[in-house]
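J.: One structure, pasted below without further comment.
Please treat every number below as a calculation from the coordinates, not as lab data. Computed from a predicted model, the values in this text were never measured in an experiment. Please note: Cβ atoms are built from the backbone with ideal geometry, for glycine as well, and neighbour counts cover all protein chains shown.
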Amino acid sequence: MRLRAGHVTIAIIVLVTLFVVLAVWMGSSGSGGEDQVAGALPPVDSAQDLVPSMAVDVNVVDLGVIPNTGEGHGKLTVHNRGKGPLRIDEVRSSCACTAGAFSPGALPIPPGASADLNIKVDPKRIYGFESKKTLTLFSNDPVRPSLEVVVSAKIDPEFSLEPGTFDFGTVAKGTAAAKEIHLTSRIDTPFKITGISPVQPESKDEAPAGLQLELVPVAEGEWKTPGRVEYVLRASLSANLAPGAFDMNAYISTDIARFRFLRIPVHGTVEAPYKLEMPSNLRAVVIQATAADARVRVSAGSPVSLESAVAESGTVTVTGQESPGGMALVFAPVAGLAAGRHDDRVRARLRVGDRSFEELFDVRMFTGPAAKTKP
């Protein structure tokens, strides 16, 4: 068949059309795909080159030390590096203690201009002497609609703690250990430390086994500065604290108007010739209503046996079962327990090699109703 000029023209048009379609498809399916292209475009009802662009010079604003009796203030400069007006729709804070707002008339920010975000930190809403909170700015920037800024501050403390934590380091299993923190007032206004507890005040949590806390007022005649009260905070570990790393807390209660209590970390590691593998991530041994028992594995390089086990409330029994590389402690509720939740504490003595070690186990059991008998 003879090719005519019209046929050649139609073929060229078809090839050009296919090339254009292929080029558009490859461009839209590159890195990021349709989402990236859509996110980079301005709203459909605006000129394609008149879009705002939100930017800041720093992502962390450090207010330094602020007074404990008044607010701390700072500024963050927000730039519009785009070609359209920048509207900040909301400044959201991760805490009521920290806020950010623009001055009246500062918004929207014109293209190429800047405006200051006024930052305020209220120490009366902060428990303790340090704060690190996040402000999130939401805008009409089509590429970066939200931006996070961290606001940090230190509050001039009402008292000092030397040292600042109860750090026990490494303690040998079976050895009692104690650490002290010296608390000294740094203000002339009188205040009191009213108590110390291993659980947060007003909490219903049970105190962890193995930690004892004591608050000892220092005699007024021994204060370094007249009129400024001093205390000794003492933390003691019992010899039956479980092996492995521990992270607990000491909470001191105060009559300071700014905060009612302060958390002090208690941490360290108990080193033992054996390891305990709890049945869950909880400190307690939990026996569910659908389970007959719960097991704690004791692994060691020496022979292990259970010498004795006594439950304070008598609601649970403990037996030892040999297993490769150690043994399993089997916790089971006694027969005839009423339906519901039962809490107990077991004092067990383990024999590892030629030494004996004591362990405390908090046990929580859930028992269901007794099975009905067929008539």
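J.: Projecting each Cα onto the charge dipole of the chain (Lys/Arg +1, Asp/Glu -1 at the beta carbon, about the Cα centre), which of Ser236, Ser356, Phe261 comes out farthest on the positive side?
T.: Working it through, the farthest residue towards the positive pole turns out to be Ser356.
J.: Ok, one more. By counting other Cβ atoms within 10 Å of each Cβ, how are Thr254, Thr69 ranked from fewest to most?
T.: Thr69, Thr254
J.: Kindly state, as a whole number, the per residue volume in cubic angstrom of the convex hull around the alpha carbon atoms of the chain.
T.: Per-residue hull volume (Cα only) is 357 Å³.
J.: Follow-up question, since we're still on this one. Label Val150 and Arg263 with points 7 Å out from Cα along Cα→Cβ: what is the distance between them in nm?
T.: 1.8
J.: Order of Asp156, Asp354 from fewest to most other C-beta atoms within 10 Å?
T.: Asp354, Asp156
J.: How tilted is helix 5-28 with respect to the longest principal axis of the chain? Cα atoms for both, answer in degrees (0 to 90, nearest 10).
T.: Taking Cα atoms only, the helix is inclined about 30 degrees.
J.: If amide hydrogens are placed 1.01 Å from N in the peptide plane, which non-local residues have theirs closer than 5 Å to the one on Val285?
T.: Those lying under 5 Å, H to H, from Val285 are Asp362, Val363, Arg364.
J.: Hey, with R₀ at 22 Å, roughly what FRET efficiency would Lys132 and Glu162 work out to, going by the Cβ-Cβ distance, to 0.05?
T.: That gives a FRET efficiency of 0.45.
J.: Between Ala339 and Arg228, how many nm apart are label points set 7 Å from Cα along the C-beta direction?
T.: Simple spin-label model gives 6.3 nm for this pair.
J.: Could I get the Rg over Rh figure for the stretch 54-155? Both from C-alpha atoms, Rh via Kirkwood, rounded to two places.
T.: Rg divided by Rh gives 1.00.
J.: For the cross-link pairs Lys124/Lys192; Lys173/Lys204; Lys75/Lys133; Lys75/Lys132; Lys179/Lys204; Lys124/Lys179, which exceed 20 Å when the distance is taken from alpha carbon to alpha carbon?
T.: Flagged as over cut-off: Lys173/Lys204; Lys179/Lys204; Lys124/Lys179.
J.: If each residue of separation counts as 0.36 nm, what is the full-extension length gain between Arg125 and Thr77 once their alpha-carbon separation is subtracted?
T.: Here the segment from Arg125 to Thr77 would lengthen by 14.8 nm.
J.: Pick from Arg92, Arg355, Arg260: which is most flexible by mean-square fluctuation in a GNM of the chain where alpha carbon atoms under 10 Å apart are linked?
T.: Arg355
J.: Then there's this: Which whole-number percentage describes the relative contact order of the chain, with Cα contacts under 8 Å and a sequence gap of 6 or more?
T.: Result for the chain is 11 percent.
J.: Right, here's the next one. Quick one: which residues, 5 or more positions from Ala177 or on another chain, have an amide H under 5 Å from its amide H? H modelled 1.01 Å from N in the peptide plane, none for Pro or chain starts.
T.: Leu237
J.: Direction-averaged shadow area of the convex hull around the Cα atoms of the stretch 274-367, nm²?
T.: Averaging across all directions leaves 5.7 nm² for the Cα convex hull.
J.: Taking the Cα centroid of the stretch 220-239 and of the stretch 133-199, what is the distance between the two, rounded to the nearest whole Å?
T.: If we compute the Cα centre of each part, the gap is 19 Å.
J.: Still on this structure, I have one more. Can you tell me how much longer the chain between Lys275 and Val56 gets when fully stretched, taken as 0.36 nm per residue apart minus their C-alpha distance, in nm with one decimal?
T.: 73.7 nm
J.: Could you work out the relative contact order of the stretch 274-367, using alpha carbon pairs under 8 angstrom and six or more residues apart, expressed as a whole percent?
T.: Dividing the mean separation by the residue count of the stretch 274-367 yields 32 percent.
J.: Compute the length gained on full extension between Ser305 and Ala291: take 0.36 nm times their separation in residues and subtract their Cα-Cα distance, giving the result in nm to one decimal.
T.: This chain segment gains 2.6 nm when fully extended.
J.: Okay, moving on. On the Cα set of the stretch 159-271, report Rg and Dmax in Å, please.
T.: 15.0, 44
J.: Taking θ = phi - 60°, what integer Hz values does the Karplus form 6.51 cos²θ - 1.76 cosθ + 1.60 yield along the stretch 222-228, in sequence order, with x for Gly and Pro?
T.: 9, 5, 5, 10, x, x, 10
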